[in-house]
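Worksheet for the structure shown next.
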Amino acid sequence: MKAISGSSNFSTSIIRRRYYWIFTLFFLLFGSLVAVITSLINYNIQYTNIESEIREKVAAEKAIKHDLLYEFMQHAENVVGAIAASELTIKYVTTNSPDAHRNLNHLLLAATMSNDSFMQLRFIESSGMEAARVDRIKGEDTPVIIPKPLLQNKQDRYYFREAAPLSDGTYWHSHFDLNMEHGQIEIPIRPTFRIATPVFSQDVFSGLIIANISLDPLLSTLGASSDFDIYIIDKEGEFILHPLPEQGWSRYLPNRSNVFTQFPEFGNSVLEVKDTHKGDHFTFQISEILKNHDEAFVMAVPRKSLLAKFKKNNMLTAGLTALTVLLVSLVLSGLVAIIPARLQRKLTDAYFKIKNYAEIINRYVITSSTDRAGHILSTSAACSEVYGFSAEEMKGKRHNIVKHPDTPAETHEDIWRTILQGKTWHGEIKDKAKNGNSFWLNHVITPDFDDNGKIVGFTSVSHDITDRKEIERLSVTDTLTGLNNRRRLDELFINEFDRFNRYERQFSMILLDVDHFKQVNDKFGHKVGDKVLIEMGEILASSVRKNDLLGRWGGEEFLLICPETSIDGAIDLAEKIRKIIEDTDFPEIGSVTASFGVTVSIKDDSDEDMFIRADNALYTAKRDGRNCVVQLTR
């Protein structure tokens with residue numbers, strides 16, 4: 001019995017050991033199988049993530065390129081559109097006077113000087129003849145007005161024929177091409193873009209405003225990328241932009257390959273290249289922004305360094321995952337790790353996507369946030385760049401550190417009144433940078449709410465409109481004296497006249513004329529005469545009151561509108577100014593005097609009556625010996 005019992009225990013031990021090793025081997029095989037399968041799955045997922053990350057980077061590049069192109073085109077259209085609609089342009093079209101022609105030339109010159117990429121800016125009449133032209137001569141920083149004898153007829157040029165039929169308010173865009181001189185491509189090359197818009201007067205086509213713009217800064221920015229080689233290709237498959245400068249502009253320069261010779265995998269049709277992902281080549285359209293016949297698109301090719309980095313990370317991640325799963329599977333089978341790994345990958349993807357968008361906004365959008373009291377909490381890099389303050393310098397401060405003295409207190413009162421009511425404020429504000437430079441921003445300020453609907457702070461999003469405001473200023477400023485011009489004085493008078501009729505708020509008018517000014521011009525020359533007018537404007541500007549409205553009425557005449565002022569107050573002011581002028585020693589000519597006509601608003605006046613009385617009073621002052629003040633009130 002003992003022998004049998006001993007044999008049975010021995011057999012049982014053998015079986016247990018056998019099953020022990022079977023189960024041990026099973027778990028080892030199972031763990032190995034799980035490790036291999038998990039490694040393969042992880043490799044494929046990581047490979048997919050590589051493509052996904054590259055696509056996200058391409059999407060970010062596309063957004064940046066689209067924004068840059070849109071801003072470039074929008075700015076170009078805004079400039080030529082503002083000039084086409086300018087009162088100075090319309091004045092020239094309707095009068096064709098020497099003064100109007102000079103003002104138009106100065107408007108084109110000011111616009112070219114404020115836009116470094118503008119190589120040429122012209123007004124071409126409906127006949128095709130250039131009427132005014134400003135050139136930025138190669139090698140010179142300052143643009144120049146081209147004399148009238150050097151202007152040419154452009155009736156037969158393609159840009160005039162294509163742009164002339166446009167309707168009012170529309171724009172013509174040229175090809176991206178290379179600048180020509182005397183029928184030959186200029187060397188070194190100067191990539192050029194032209195934009196034009198028609199000018200209409202009384203619904204009749206009167207000519208074109210056309211600008212030649214250098215593409216060098218734009219193409220340099222479009223081609224910049226740390227991860228991709230960037231190509232811009234036209235509808236014929238020719239390179240406009242190439243990562244290698246010596247391969248760009250293949251349409252115009254010899255011995256340069258096009259997209260079909262460099263990338264034969266695309267076949268012979270450019271249609272196979274547009275809006276596609278073929279291999280490691282990603283393309284997207286830009287023709288809807290350019291709006292020209294190039295029908296151009298961008299091709300982004302990931303650099304080898306980017307792909308190598310992704311693949312190395314992929315292999316390393318797959319190997320580590322396999323080893324980890326194998327070790328854990330020996331104890332826990334390691335299956336539970338799959339769920340958190342997948343969640344982590346999704347969180348990482350979302351994190352980097354949000355981070356990329358936030359970086360784009362930080363670099364290119366002027367934003368700031370404050371607490372409820374207006375203390376700055378954060379600013380974007382674009383905000384710091386435009387104001388000249390670092391984020392640390394602005395943090396904790398209020399926006400009054402950039403408040404410009406020209407901005408009325410009522411504007412800031414309106415902002416606070418609006419946003420504290422939980423509403424959005426939208427408007428234009430003149431601000432001041434750290435270095436003292438002034439600029440204009442279009443602001444949108446919105447309240448920030450907590451979960452209970454309570455206002456906890458405010459967010460401002462802005463964009464720079466300085467160029468547009470400068471063009472607006474030039475259109476209402478006398479180019480010689482810097483005072484308001486006649487157009488602006490007409491507007492200011494209408495405002496005061498309407499206020500008088502509505503609220504019976506009396507105002508006065510002073511019209512003055514420099515005595516014997518023709519003799520100054522005849523004896524000393526127009527250059528000295530201009531200096532007299534400039535100094536006269538400075539004397540008047542320093543002598544009037546803060547609320548008085550001053551401008552050059554025409555020639556040697558100046559007009560002063562005095563709100564809330566009686567006839568006696570206006571006479572006292574005119575006499576004060578007359579005495580200052582009489583006592584001033586003008587360089588080169590000595591003493592100068594002026595005659596003054598003064599009047600006041602009267603009930604039932606028409607808008608012409610005050611001007612007639614002021615003019616008659618001035619005439620009487622001239623007749624009675626000049627250098628005196630005469631008033632008429634009926």
Every residue in segment 244-293 that is among the acidic types (Asp, Glu) and modelled with pLDDT of 85 or more, please.
Glu246, Glu288
Here is a list of conditions, (1) in a loop (DSSP other than H, G, I, E, B); (2) touching a residue at least 40 places away in the same chain (Cβ under 8 Å); (3) more than 30 Å from Phe297 (Cα to Cα), and Asn115 meets all of them except one; can you say which number that is?
(3)
Name the single residue, out of those in segment 80-99 being out of contact with any strand residue (DSSP E or B) (no Cβ under 7 Å at 6 or more places or on another chain) and crowded, with 18+ Cβ neighbours inside 10 Å, that is nearest to Tyr171 (Cα to Cα).
Ala82
Quick check on Gly529: is it over 30 Å from Asp604 (Cα atoms) and surrounded by 14 or more Cβ atoms within 10 Å (Cβ to Cβ)?
yes
Take the conditions at pLDDT 90 or above, under 30 Å from Ala211 (Cβ atoms) and among the aliphatic types (A, V, I, L, M) and apply them to Ala76. Does it pass?
yes
Scope segment 151-173; condition under 15 Å from Leu121 (Cβ atoms) and touching a Phe, Trp or Tyr at 6+ places or on another chain (Cβ under 6 Å); matching residues
Lys154, Ala163
Of everything in segment 124-171, what is on the phi > 0 side of the Ramachandran plot and under 27 Å from the mean Cα position of the chain (by Cα)? Give them in sequence order.
Gly139, Gly169
Give segment 238-250 a look and list any residue that's crowded, with 20+ Cβ neighbours inside 10 Å, without any contact (Cβ under 8 Å) to a residue 60 or more places away in the chain and not hydroxyl-bearing (Ser, Thr, Tyr), or say none.
Glu238, Phe239, Leu241, His242, Gly248
Check Ile494 against each of (1) in contact with a helix residue (DSSP H, G or I) (Cβ under 6 Å, 6 or more places away or on another chain); (2) closer than 30 Å to Val600 by Cα and name the one condition it does not meet.
(1)
Restricting segment 586-596 to residues that are under 46 Å from the mean Cα position of the chain (by Cα) and either closer than 20 Å to Ile494 by Cβ or surrounded by fewer than 23 Cβ atoms within 10 Å (Cβ to Cβ) (or both), the residue that is modelled with the highest pLDDT:
Phe586
Which one of these is charged (D, E, K, R) and within 46 Å of the chain's Cα centre (by Cα): Asp583, Asp607, Asp624?
Asp607
Only unsatisfied item for Ala570, checking (1) at pLDDT below 95; (2) within 26 Å of Glu496 (Cα to Cα); (3) surrounded by 14 or more Cβ atoms within 10 Å (Cβ to Cβ); (4) not aromatic (Phe, Trp, Tyr), is (1)
Candidates Ile146, Ile124, filtered to the one that is free of Cβ contacts under 8 Å to residues at least 24 places away in the same chain, within 25 Å of Thr95 (Cβ to Cβ) and either surrounded by 16 or more Cβ atoms within 10 Å (Cβ to Cβ) or in contact with a strand residue (DSSP E or B) (Cβ under 6 Å, 6 or more places away or on another chain) (or both):
Ile146
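Being touching a helix residue (DSSP H, G or I) at 6+ places or on another chain (Cβ under 8 Å) and assigned by TED's automatic domain parsing to the domain that holds Lys579 is the requirement here; does Leu512 meet it?
yes
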Filter segment 161-196 down to residues that are among the polar types (S, T, N, Q), surrounded by fewer than 20 Cβ atoms within 10 Å (Cβ to Cβ) and either outside the structural domain of Arg122 (by TED's automatic domain parsing) or not in a loop (DSSP other than H, G, I, E, B) (or both), then give me how many there are.
1
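The values are calculated or read from the model by the stated rules, or taken from the named source; none is laboratory data. Quick caveat, the model's predicted, so the values are computed rather than measured. A quick note on method: Cβ atoms are made from the backbone with ideal geometry, for glycine too, and the neighbour counts reach across all protein chains shown.
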